[in-house]
Amino acid sequence: MNGRVNDVILYGAGNQGKYAVDIVKNYGLNPVAFCDADEKKAGTIYCGLPVFTKEETRKQFGENLKLWVTPEPPLRDEIVEGLVAEKFAQKKDICNLSLKPTLGCFHLQSTVIVNESRLYQCCVWGDLRNYPPYTEVDNEDWESTITRYLENRNEIMAALAEGRPCACDGCPSLYEGYWGNGGGGSSKIHVLAISPSYPCQLSCKYCAVPGNAREIEKNREAVCQAKKLDIAQMMRVLEEKDVLDLKEPIQLSAGEITILPNKKEILDSLSKYPVQVFSNCVLYDAQISEMISRKDGSFLNVSVDAGTRETYREVKGLDAYDRVLSHIRRYAQEGAVIEIKYILMSENCDRENIDGFLAFCKEISPRALMISGDLNVDHTNLPAKIIDGVIYMARQAERYGIPYRIMPYFGDKNMERIQEELNVTGEIK
C-alpha cells in the first residue's frame, strides 16, 4: 500500500511513542503504524496503531517510507544511523530530522499538577527545574480555571518556540525537541497529578508535604483548603472540555487519601480512569483495593523505607510497621498491582533493614521496586554508606528476581559510581 502523502510510520513503540502520536499530528502528519526492532511487539496494537517489524513495514508500506523516530537524542541519533546503514531508510525520509526543533519540555507539553490553590506543570527539584508558572484555582469556576491554564501554557510554549521571554526561561529541564507547529502543541492533557495538601498520619523525615503530621499545625489553612477542593467538579469540566488524553494513570498523591472524609467522592470521580494511588497503607481501603486490582494500568505506590519496626518508627514517626505490611500484603493477595519504594537515608541503609525489606518484597512480588534518595538533602555530600546501601539493595534485588529501578536522586557523581559498580550504563532499571 502506498498511502497518502502525509502518512508517517512511528519508529519505536516505547514510552516516547505514546507522546509522538500527538506530536506528529501537530505537524499535520498522519501516524498510521508503529515499527519496532523488538519482534515481540509485532502484531500488537499500541496507542491505537498496529505494530510491525521492519520487514512487515516494508511489505505493508513499500519502499517510500516516511518515518518519525520517537526516542529523544542521543538514542534517536544512534537509531537513525543504524536505519540508514542497513538501508531501511534515508535521512531525507525521517521527518523529524528535517523539522526545526524548538525549546520545550515534556512537563510543559503534557502535564497538569493540581494542588489546593494552583495548577502548574512541574515540581521544583533543586537545580533540576525552575519554579513553574502557576494558574490560580477558582474552586467555584473550574471551567475558567482550566481555560486560563491552557491559555497560559500555550503562550509559554509559543514564546519558547519564537525565542520570546517567558516564565520558563533558563530552566535546566528545557531542551530542543519537536513540540508541534509554532510551539503551540496539543491542547490535550496526557499526565494529571492530583496533589493537594491533604493531611497524613505520618511525619516521614524526608517529607516536605504541608499536611504531614509534623507540619500540619503550621499549615492548617492549606490543609483545610485542600479538603474543600472539588475534584469531582474539576474532572467533570476536564471531560466536558475534552482535554484529557491520558497516557499515564492519574496520580493521587501529596497526603493520605484513606483518612479524608470525602474520600469516596474523590475516588468515585476518578473511577473510570487508571489511577496511581499513593498511600502509606497505615489503613486498608476496599475501594482502593478494587481500583488498583483492575489491570487497567492502575497501581498502588507505597514507600516503606524500613525493614524493622524500630527503623520504621524512627523514619516515619509512627509505630505502624506491622499494620502497614499487613495491609500491603492484603492488597497483593487481592490482586493489586504494587510499586514499592525505599528512600535510602543514614537511618535505614544498613543491611539488616535492607534484607528485612527485600524479604517482604519477595513475599508480595511487586511490579517494581523504586530505590530512591531524599530529595531535600545535598546530594554532593551524601554519606558513602547510603551509596553502599543503594548498590547492595540493587544487587540483592537482582539476586531475588525483584524488578527494580534506581531513581536519579543521589547526585551525578554518586550515580556514576552506582552505574560503575553495577556495571551498567544509562538509566538504571
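Determine if the range 160-169 includes at least one residue that is free of Cβ contacts under 8 Å to residues at least 12 places away in the same chain and in contact with a Phe, Trp or Tyr (Cβ under 9 Å, 6 or more places away or on another chain).
No, that holds for no residue.
If I ask for residues that are modelled with pLDDT of 90 or more and either polar (S, T, N, Q) or more than 25 Å from the chain's Cα centre (by Cα) (or both), which ones from the range 202-219 would you list?
SER203
Need at least 3 residues that are out of contact with any Ser or Thr (no Cβ under 7 Å at 6 or more places or on another chain) per element, so show me which strands (runs of 3 or more DSSP E) inside the range 275-383 make the cut, counting only ones lying wholly within it.
The qualifying strands (runs of 3 or more DSSP E) are 299-303, 338-344, 368-373.
Which one is least open to solvent (accessible area, probe 1.4 Å) among residues in the range 397-412 that are part of a helix (DSSP H, G or I) and either among the basic types (Lys, Arg) or more than 16 Å from ASP305 (Cβ to Cβ) (or both)? Break it down stepwise before answering.
Just the residues of the range 397-412 that are part of a helix (DSSP H, G or I), to begin with: 397-400, 412.
Checking which are either among the basic types (Lys, Arg) or more than 16 Å from ASP305 (Cβ to Cβ) (or both) leaves us with 398-400, 412.
Numbers: GLU398: 124, ARG399: 169, TYR400: 80, ASP412: 128 Å².
Checking each candidate, the answer is TYR400.
Looking at the range 305-327, is at least one residue buried (at least 21 other Cβ atoms within 10 Å of the Cβ), aliphatic (A, V, I, L, M), out of contact with any Asp or Glu (no Cβ under 8 Å at 6 or more places or on another chain) and closer than 25 Å to LEU246 by Cβ?
No, the range 305-327 contains no residue that is buried (at least 21 other Cβ atoms within 10 Å of the Cβ), aliphatic (A, V, I, L, M), out of contact with any Asp or Glu (no Cβ under 8 Å at 6 or more places or on another chain) and closer than 25 Å to LEU246 by Cβ.
Would you pick out the residues in the range 234-274 that are out of contact with any helix residue (DSSP H, G or I) (no Cβ under 8 Å at 6 or more places or on another chain), within 30 Å of SER203 (Cβ to Cβ), open to solvent by 40 Å² or more (accessible area, probe 1.4 Å) and outside any helix (DSSP H, G or I)?
Listed by number, the residues that qualify are GLU248, GLN251.
Spot the failing condition for SER110; the list is (1) crowded, with 21+ Cβ neighbours inside 10 Å; (2) more than 20 Å from ASN15 (Cα to Cα); (3) among the hydroxyl-bearing types (Ser, Thr, Tyr), and only one is missed.
Only one criterion is unmet by SER110, namely (2).
Does ARG367 fit the bill of being under 27 Å from GLY297 (Cα atoms), open to solvent by 70 Å² or more (accessible area, probe 1.4 Å) and in contact with a strand residue (DSSP E or B) (Cβ under 6 Å, 6 or more places away or on another chain)?
yes
Mind telling me which of the residues ALA226, ALA222, ALA286 ends up being more than 18 Å from ALA368 (Cβ to Cβ) and either within 16 Å of the chain's Cα centre (by Cα) or open to solvent by 30 Å² or more (accessible area, probe 1.4 Å) (or both)?
The conditions single out ALA286.
Restricting to the range 18-57, what's the tally of residues that are open to solvent by 50 Å² or more (accessible area, probe 1.4 Å) and in contact with a Phe, Trp or Tyr (Cβ under 7 Å, 6 or more places away or on another chain)?
Residues flagged as open to solvent by 50 Å² or more (accessible area, probe 1.4 Å) and in contact with a Phe, Trp or Tyr (Cβ under 7 Å, 6 or more places away or on another chain) within the range 18-57 amount to 2.
I'm told SER197 meets every condition in (1) of a type outside the set (A, V, I, L, M); (2) outside any helix (DSSP H, G or I); (3) at pLDDT 90 or above except one. Can you identify the failing condition by its number?
Every condition holds for SER197 apart from (3).
Answer yes or no: is there a residue in the range 353-365 that is aromatic (Phe, Trp, Tyr) and over 20 Å from the mean Cα position of the chain (by Cα). If you could, list the steps in order and put the result at the bottom.
Step one: filter the range 353-365 for residues aromatic (Phe, Trp, Tyr), giving 357, 360.
Those left that are additionally over 20 Å from the mean Cα position of the chain (by Cα): 357, 360.
There is at least one residue in the range 353-365 that is aromatic (Phe, Trp, Tyr) and over 20 Å from the mean Cα position of the chain (by Cα).
Conditions first: (1) in contact (Cβ under 8 Å) with a residue 12 or more places away in the chain; (2) under 14 Å from LYS205 (Cβ atoms). ARG313 passes all but one, so which condition is the exception?
For ARG313, the failing item is (1).
If MET345 passes every condition in (1) over 12 Å from TYR206 (Cβ atoms); (2) open to solvent by less than 70 Å² (accessible area, probe 1.4 Å); (3) not basic (Lys, Arg) but one, which one does it miss?
(1)
Given the condition surrounded by fewer than 16 Cβ atoms within 10 Å (Cβ to Cβ), among the aliphatic types (A, V, I, L, M) and over 23 Å from the mean Cα position of the chain (by Cα), answer yes or no: does some residue in the range 385-395 qualify?
Going residue by residue through the range 385-395, those that are surrounded by fewer than 16 Cβ atoms within 10 Å (Cβ to Cβ) are 385, 395.
Remaining after also requiring among the aliphatic types (A, V, I, L, M): none.
Scanning the range 385-395 turns up no residue that is surrounded by fewer than 16 Cβ atoms within 10 Å (Cβ to Cβ), among the aliphatic types (A, V, I, L, M) and over 23 Å from the mean Cα position of the chain (by Cα).
Can you tell me which residue within the range 289-304, out of those that are touching a strand residue (DSSP E or B) at 6+ places or on another chain (Cβ under 7 Å) and open to solvent by 10 Å² or more (accessible area, probe 1.4 Å), is farthest from LEU344 (Cα to Cα)?
Filtering the range 289-304 for residues touching a strand residue (DSSP E or B) at 6+ places or on another chain (Cβ under 7 Å) gives 291-292, 298-304.
Keeping just the survivors that are open to solvent by 10 Å² or more (accessible area, probe 1.4 Å) gives 299, 301, 303.
Numbers: PHE299: 22, ASN301: 16, SER303: 11 Å.
Result: PHE299.
The values are calculated or read from the model by the stated rules, or taken from the named source; none is laboratory data. Keep in mind that what you see is a predicted model, and the values were worked out from it rather than measured. Note: ideal-geometry Cβ built from the backbone for every residue, glycine included; neighbour counts use all protein chains shown. Quick note on the areas: whole protein, heavy atoms, side chains included, nothing else; ligands and nucleic acids left out. Shrake-Rupley method; radii C 1.70, N 1.55, O 1.52, S 1.80 Å.
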